[in-house]
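Notes follow the structure.
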Amino acid sequence: MTVFVFITYDNLQNIQAERSLPLGVTEIELTNWTKTREPEEIGDGEKKMNSHSDRAELNEGISSEEVESIDGLYKSGNGYLNLTNINYVTSSSDKLDNVNENVEQSTQKVTGNKVLRAFLNSGSSIQLINYNIGDLYGYLKSDKPINWNDEGKVTWNLHTCVDPKNKVNSVELRMISASFNITSEQIELIQSGKAYAVLGVPAENEYGFEPIMPYNDMVSVFLNGIATNINYECRSVTQSCKLNKFTINYKTTKSNDCWDKTYHQNLSSHTDGHHIHMDTLSGGNKGELTPLDLRNWLRKDKNNIDILIGNYITNSNQKNISCGFSKINLYIIEKPKIDVTMKLYKYKNGQVVYFDENYRPTKGDEVYVRIDIKNTSDNYTLKNINFSKTGRSNQDNITVQMSPDNFIYNGNNITDDIRCYINEDFKNKYKIDALKSLQPKGVLTIMSDKMKYTVGDTNIKYKQIRLSGNISVNYIRDEFKFISAEKIITAPISDEGGILEIKCSVENDDGLSEESFLINVESDKDFSNLSIKPGETYMLKNLSINDSYYINLVVPQDYEIVDSETYQGSSQNKINLSQMEAQNYTGKIEIQLKKKNNPYFYKNKQRKININVLDKS
């Protein structure tokens, strides 16, 4: 029995729709594709190709009569060569050297939407070529739709031969254009830094796309008429040029690593395997998407993309290369969301007691450190979580480096002493390899009795313990790496680590006096009354170093305060512990009294005093 299966266009649409993308990835289709016409696509009565005049005879598969020889293709100015607007060039000139011609409006109009044979470079290591997008449009922009093959590829042949005299190199320039739309929600996601926007090709694999762009030999991508950071060549020795008067240094893909070489070369077979990775390949072929993120050039609603492609003609081997391009799309890839927090705790009767905003450790307290890593993303399982200190880590009180294999705390490897808990289930304990994977909305808690810290002066000054670093994870696929911006993680510390030492003395005292004196110490928040005896030192501890303290003495009627210039170092009656950092926030105050010669007719009264803040050293 013979069975016939009919696949209609609707069936094909459904098959295509079955290609699924990972959660967190949105595909924006590029449409309205056009491409510069090839010579074989141009009808009779019109020149098939445009060429710089001194390269007009270097033809392959096309006759010289079919090539428009252009005078004045470039003009010198501002230290570089400029592509002349198509309306100001002359065709069919017999002149050989036309670089510096001042060409007026041509009477023999040169028409565009044709392959342009141009300089590969200016022939000078100093003088660059400037291509303005508007002038490129005149020569290359097309309204002819692209006839993609079943694999979403388009190819073409080269029509330029190698100079038999080996004096000049050439490049054939083409332009491929498309448009797409971005919603207000998508543009907000991109411009707020919550997502990447990268180019890629649809793929029939488990991910539904590959973040690559097949090309050869040279490519520049313009978005909305502005040159982006996608400017590449497939040769190892790259060139520079100017796009819209900005100098562009082309990067090479000649020696690029590839995390799926066989598959990617298959996707770019029509470009001799050459392709651009939209992620940086570093660290075991895992890379970030950041460098080729297009968010800076995108806008809401309609966007236009123009892709300038150059194919070299530098040697006879160029005849055998495969030239083409792929139907690419824009992919919005949401970034992972990660939160890292730190808690401090102590043990009390064998139980863990946590500090918080209302119960803060103070100077001299020994505390234990707990670190929580939270995957706040709805879409991604985070893999291979790493935390690394940064160049600013010298500002940290604690340094931490962690991976699924190691945990380094303040320079000490405590991997074997780490205990991990998942989603605050403290009944089940895991080793450090728990960092290999963290599910969406999951929380990984890391603790160890060797993660200890003693609160010091720096902590009470800034009211915190601090550590910082970058989180890096893999997501969507093992080849995608996300590195967060520097995260500064803090836990609150009390600033109540200041000390006041108060001492009173009486002139000519024989040490037998039983007299006591009342001192009032007051801040904006609190006050204390002290009864002190001469010759003894009294201490007020756990004072806020950020408060000012006022000291007043209730003077008995038969005593008076010695008024001497030797008592200096603070304003009268007031001390600021915040200024006592060099003394470990300890202020030493000495009050000197003497008996009056005639104590009669005096009453006890409160007096301001000059306080001498003694240098502890």
One can check that the equivalent ellipsoid of region 389-436, built from the alpha-carbon gyration tensor with semi-axes equal to the square roots of five times its eigenvalues, has lengths in Å, largest first, of 24, 11, 10
Exposure ranking of 581, 514, 38, 357 by accessible area [1.4 Å probe, largest first]
514, 357, 581, 38
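From largest accessible area down, sort 274, 159; use a 1.4 Å probe on the protein chains.
In descending accessible area the options line up as 274, 159.
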Sort 77-84, 489-496 by packing, meaning the average of other beta carbons within 10 Å per residue, with the highest value first.
489-496, 77-84
Which order do the peptides 244-254, 449-459 take when ranked by the mean count of other beta-carbon atoms within 10 Å per residue, highest first?
449-459, 244-254
What ranking of 48, 109, 389, 525 comes out by heavy-atom accessible area, probe 1.4 Å, highest first?
525, 109, 389, 48
Run the dipole for region 37-85 about the Cα centre, Lys and Arg Cβ at +1, Asp and Glu Cβ at -1, nothing else charged, and hand back the magnitude in debye, nearest 20.
400 debye
Measure of exposure for residue 540: accessible area at 1.4 Å probe, Å² rounded to 10, is 30 Å²
Integer Hz, Karplus 6.51/-1.76/1.60 couplings in order for region 193-199, x for Gly and Pro
x, 8, 8, 8, 10, 10, 8
Over the heavy atoms of residue 516, what accessible area does a 1.4 Å probe trace out, to the nearest 10 Å²?
50 Å²
Search the structure for amide H atoms under 5 Å from the amide H of residue 60, placed 1.01 Å from N in the peptide plane, and list their residues when 5 or more places away or on another chain.
160, 161
At 1.4 Å probe size, what's the solvent-accessible area of residue 192? Round to the nearest 10 Å².
60 Å²
Taking N as the number of residues in region 411-548, what value does Rg over Cα atoms divided by 2.2 N^0.38 Å take?
1.82
With a 10 Å radius around each residue's Cβ, average the other Cβ atoms per peptide and rank 430-439, 219-228, highest first.
219-228, 430-439
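The values are calculated or read from the model by the stated rules, or taken from the named source; none is laboratory data. All of these numbers come straight from a predicted model, not from anything done at the bench. Here the Cβ is made from the backbone with ideal geometry for all residues, glycine too, and neighbour counts use every protein chain on show. The accessibility values were calculated without ligands, DNA or RNA, using every heavy atom of the protein model including side chains. Shrake-Rupley method; radii C 1.70, N 1.55, O 1.52, S 1.80 Å.
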